[in-house]
Amino acid sequence: MIRFGGDYNPEQWPPHVWREDVALMRSAGISLVTVGVFSWSRLQPAEDRFDFAWLDEVLDLLHGNGIGVCLATPTASPPPWFTRAHPGAMPVTADGVRLTHGSRDTYCVNAPEYQEASNRIANELAARYGQHPALRLWHVHNEYGTTCYCDHCAPAFRRWLSHTYGEIGLVNEVWCTDFWSQRYGCFDEVLPPRATQYLSNPAHVLDYRRFSSDAMLTHYLAQRDILRPYGVPVTTNFVLGGWVPVDHARWAREVDVVAVDDYPESVEGHLAARAFVADLARGWAGGQPWMLMEHAPAAVRQADGVTRALPAGEARAAAETYVAGGASAVMYFQWRAGRGGAEQWHPAMVPLLSELAPIGRSLATRTPVRVESTRALIYDEQSMWAWQSPHLPTPFVDYTAITRRWHHAMGPPVDVLPIGAPLEGYSLVVAPALHMVPAALHKRLRSYVADGGTLVLTFGSGLTDEHSRTTPGAFDDLCGIRVARHRPGECGVRGVRDGRSGECGVCGVRDGRSGECGVRGVRDDRSGECGVGGVRDDHPSERGVGAKQHRPGEYGVWLDEIDPQDATVVLHSSEGRPLVTEHRYGRGLVRYVAADLPDPTPWARS
């Protein structure tokens, strides 16, 4: 069975509605619901008092109707009594502002009081419901991602640095602290990368993100270890996005099943975006089935803030896209929209059951797909973090959009892999804009090609090591080229008006129509319609092998000027610049794509 359901918040409704809900769930083929994600203030209305009677009734009602429960620990939203009693556990921004109660995620994972309260409520839930017959899965917390810079975090960060590097001299070395007289004499001198006069050290910021990911992981592991003895799988839901300081590839090793939330940002191309996430989740899961824990029912909330309904039939197409990528569950947020609160206008399942119920009934008869592929794309969240640094020569490289474009160009099936995954058995590996490349990965990529694999590298690959230290020419020998100069930020070296931001210039995005002409450049389902630099690609036939010419103005957000050396040029610009080269290395082949091409399809395939 592929499970079907969504987030259920019965505490927002009177008991007579619960019975109506369960009857609707049965008729719609709902087999699993997530309960309790934001229920802390109901479950523990005061520090010395718990109330589980309502949850007892809900779980019994669901079980009596054959509906399984994914039971959450509610630690993503502490109740008002907690934040009033422990104001020092509230998060502090990089600017030094301590946030107040009034939303979700009002906590610092490094605050001892919050850690203690989280473990206490997890223990209470485990003891009461660990043997409940409705229980199918534990759901720890919700969408980890809150970053804090408070005085609890500072000593925790120093301990993390000490554990990671051993001695302060190595921190100075990898952070290059002699620049701007930042050299530290001891760990006690190191602070979180709070707001400062000008640019922060990018290596400092990068390590703080790693520390934040590990600190949140420690919080998750404490609850997981409380829940695991009851013999039910434990997970947490991975939320995706550039703002999230979580290394999900690292976390995936600590969950019993990978679970992701996916919210595409545009109706146009949403199926291609979902296919990328499905392959990404499967890669984190090591090829095993994974869960879609949340997505919006039959709608997309776009990057511009507008919620748009999907065309008729595309809710099923969305579900089938996830299933084709190996999903073992298709879940929505949310079952029934609340009458009030911050997400009262978020789409919900109940008004759409005529469209959604047939999906659920169909999935109930099927089993998860096992995807086999001989082609892989490497995606690294830490490289995404590195591309976000404000010190870079351009702010317009959208790493995830670039990798998604290459993923779409490759065509299914594709395995999206973290940098530590084995490459043996793949005939083709594509690594677009892989900013940070540790020495171990350099070695593995060379071995892969030498043994007969085909590797595609692009502009922006191997710019730095894992500490954000530049590594000029890191791939030159492998690619048979010399990168003479990086030319970022020109957004179509010719043919683009850089001075009219928003029309077709550096950002390349029409202000109200995100993704239609911009840095992403290509409507995901209509490759080559509108280039990265805002120039139409009217000659897709000119992308064949054989040193064809490429139209000017379509170099996108980055161009490497390269000297071919031992490589063969297979695509020139109309100005004669080498844009794509190929080089034999051992028994394999390396292809280097020096520009942010709007349609990389011919170069994304073996």
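Bear in mind these aren't lab numbers, they're just calculated from the coordinates by the rules spelled out. This one's a predicted model, so the numbers in the text were calculated from it and none came from an experiment. Counting neighbours? That spans all protein chains shown, and the Cβs are built from the backbone with ideal geometry, glycine included.
This ranking places Thr147, Thr374 by how few other beta-carbon atoms lie within 10 Å of each, fewest first, which gives Thr374, Thr147. Taken about its Cα centre, the chain carries a charge dipole of about 800 debye when Lys and Arg each add +1 at the Cβ and Asp and Glu each add -1 at the Cβ. Going by neighbour counts of Cβ atoms within 10 Å, the residues Ser118, Ser27, Ser213 line up, fewest first, as Ser27, Ser213, Ser118.
With the Cα gyration tensor of region 351-452 giving a ≥ b ≥ c as the square roots of its eigenvalues, does the rule (a/c under 1.5 for rounded; else a/b larger than b/c for prolate; else oblate) give rounded, prolate or oblate? Each step should come with its number before you reach the end.
Values: a/c = 3.03, a/b = 1.49, b/c = 2.04.
Cα axes put region 351-452 in the oblate bin.
Against the chain, whose longest principal axis is taken from its Cα atoms, helix 270-284 shows a tilt of about 80°. Spatially, region 101-141 and region 373-390 are offset by 32 Å when compared through their Cα centroids. Roughly what angle does helix 439-450 make with the longest principal axis of the chain, taking Cα atoms, 0 to 90 degrees, to the nearest 10? Rounded to the nearest ten degrees, it is 60. Ordered by the count of other Cβ atoms within 10 Å of each Cβ, fewest first, Glu294, Glu47, Glu124 give Glu47, Glu124, Glu294.
Assuming 0.36 nm per residue, please report the length gained on full extension of the stretch Arg104 to Val306 beyond their Cα-Cα distance. All intermediate terms of the calculation are to be shown ahead of the outcome.
Details: separation 202, 0.36 × 202 = 72.72 nm, distance 2.20 nm.
Going from the current span to full extension adds 70.5 nm.
Restricting attention to the chain, close to 35% of DSSP beta bridges with both partner residues there are antiparallel. Each part reduced to its alpha carbon centroid, region 244-286 and region 19-38 end up 24 Å apart.
Considering all different alpha carbon pairs of the chain, the Kirkwood hydrodynamic radius works out to 25.7 Å.
The spacing between region 451-473 and region 570-600, judged by their C-alpha centroids, is 15 Å.
In loop segments of region 554-606 as defined by DSSP, the trypsin sites (Lys or Arg not before Pro) with at most 12 further C-beta atoms inside 10 Å of their C-beta are Arg587.
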